[in-house]
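A quick write-up on the structure given underneath.
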Amino acid sequence: MTSSWNGESSLHALGRRVRRLREGLRLTQEEFARRCDISVSFASLLERGERSPSYETLLTVARALEVPVSELFRDDAAAETSEPSHARLIEFARRAHLSRQQLERWIAVGHAMFGIEPSRSGAEEGARCAIEGCDRPVLARGLCAPHYHRDRRARLQQAP
């Protein structure tokens with residue numbers, strides 16, 4: 001869904017965005033209202049797109065949600081449908097200032113950890129575990145997560 005930032009639809013889009021960001025931080029409306037120094041009632045109306053906040057309130061809301069004000073107005077169709085937990089992942093990557101290469105590596109680790117076939121990752125496409133008979137995606141050193149950790153434990157036990 002794309003939204004236009006005019007009239008009633010812009011308030012609803014802002015409200016949805018605020019709610020998504022609040023949920024991404026795992027804040028209740030009460031905690032959010034306290035951070036913004038607004039009433040819970042106003043926070044609820046804001047999230048439903050039934051109240052238009054002042055500029056000062058927008059600044060406070062952005063600060064409470066730990067995002068730049070522009071993030072409140074981002075018109076992003078994917079963000080409109082994403083889960084609150086996805087917002088937490090995105091926020092983690094932003095706060096950690098992950099480079100594209102680091103982000104691709106993080107995703108590759110996730111693929112290897114959960115045994116999910118990568119559609120595109122920083123690792124060589126189709127790289128598989130070096131252990132014969134194992135067809136899992138590679139985590140590091142040419143090994144899948146279970147084999148990598150088994151190898152690591154063995155090396156640690158052999159260390160003097």
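A compact table of results
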quantity: Qualifying residue in the range 29-36 (condition: touching an Asp or Glu at 6+ places or on another chain (Cβ under 7 Å) and at pLDDT 85 or above); calculated: no
quantity: Pair list, Cβ < 8 Å and 6+ apart or interchain, from the range 56-76 residues that are in the same structural domain as R34 (by TED's automatic domain parsing) to residues that are of a type in the set (S, T, N, Q) and surrounded by 16 or more Cβ atoms within 10 Å (Cβ to Cβ); calculated: D75/S3
quantity: The range 107-126 - residue that is outside any helix (DSSP H, G or I) and small (G, A, S) and, of those, modelled with the highest pLDDT; calculated: G115
quantity: Test for L25: is it in contact (Cβ under 8 Å) with a residue 60 or more places away in the chain and in contact with a helix residue (DSSP H, G or I) (Cβ under 8 Å, 6 or more places away or on another chain); calculated: yes
quantity: Where a residue in the range 130-156 is modelled with pLDDT under 85 and its partner, wherever it lies, is among the hydroxyl-bearing types (S, T, Y), with Cβ under 9 Å and at least six apart; calculated: P137/S121; V138/Y148; L139/Y148; A140/Y148; R141/Y148; G142/Y148
quantity: Hey, A64 at negative phi, in contact with a Lys or Arg (Cβ under 6 Å, 6 or more places away or on another chain) and not charged (D, E, K, R) or not; calculated: yes
quantity: Count - residues of the range 37-52 that are in contact (Cβ under 8 Å) with a residue 24 or more places away in the chain and outside any helix (DSSP H, G or I); calculated: 5
quantity: Residue list for the range 44-58, restricted to those being surrounded by fewer than 17 Cβ atoms within 10 Å (Cβ to Cβ) and under 22 Å from the mean Cα position of the chain (by Cα); calculated: none
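The values are calculated or read from the model by the stated rules, or taken from the named source; none is laboratory data. It should be emphasised that the depicted structure is a prediction, and the values quoted were computed from it without experimental measurement. Ideal geometry is used to build each Cβ from the backbone, glycine not excepted, and the neighbour counts take in all protein chains shown.
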